[in-house]
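Comments concern the structure below.
Derivation of every value follows stated rules applied to the coordinates shown; laboratory data play no part. Everything quoted here is computed from the prediction, not taken from an experiment. A quick note on method: Cβ atoms are made from the backbone with ideal geometry, for glycine too, and the neighbour counts reach across all protein chains shown.
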Amino acid sequence: MTRYSMLKKFLSVGLLLLFSLHFSAAQEAKMKKAFNGKNFKGWVLPQDNIWWSVNDGVIFTKSGPEKKGSILWTEKIYTDFIIETDFLYGEGTVDTGIFLRTEDQQIQMGISGSLKRDMTGSPYIPGKGYPVEAEGVAELLKPKDWNTIKIKAVGADYTVWLNGEEVLNYTSENVPKMGSIGLQLHPGKDMEASFKNIHIGEIK
């Protein structure tokens, strides 16, 4: 191999490595606190709120007497992002989740109303139900203790981790380019749930 060929090969490998590092860095999000632990700054409370409260660093949600349900949305609009939060199932039949940019794209947490079993980590799409099911959740989930869920949304591609273990990869359809992120209190349920340590990072 000539000196020119060696140099050319070295430059090609170097450029490929730089591209890989740049792509990897672009996929990593700088995580920032999305909940200050004191109040709902950065979130949009529903009108006549009776469902959401903050106490001792925790967002607590509880069904109202009419069981109408509610969604707590971020004020900020996101394109590609990672959201990570600790969550705790409370009393009742817990059916909650995280909306990704719209009410039509959700990662389920808790008992599915249609399937009558826990579908934590699985995507729920209106009109499609649960197109796939997260794997290994039964072994990872602590029903009576705090858990951590992490969701990465890049375009239509969703990756979900539960308590540090990857449980889902899914490519959705008809995904809006941008939107808010929402925490759900499902209508028609008598339930309680809690969230803390909420961090969101934008993927550039």
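For G188, the residues whose modelled amide H falls within less than 5 Å of its own, excluding neighbours fewer than 5 places apart on the same chain, are K68, G69.
Counting only alpha carbon atoms, the long axis of helix 3-27 and the longest principal axis of the chain meet at about 10°. Computed packing ranks the peptides 122-131, 194-203 as 194-203, 122-131, most packed first, by mean other Cβ atoms within 10 Å. Shown here: the chain, whose C-alpha atoms stretch 80, 35, 32 Å along the first, second and third principal axes, sorted largest to smallest. When peptides 112-118, 161-167 are sorted by average Cβ neighbour count within 10 Å, with the highest value leading, the order is 161-167, 112-118.
Pairs from the list K142/K189; K62/K189; K150/K189; K67/K142; K41/K189; K41/K144 with a Cα-Cα gap above 18 Å: K142/K189; K150/K189; K67/K142; K41/K189; K41/K144.
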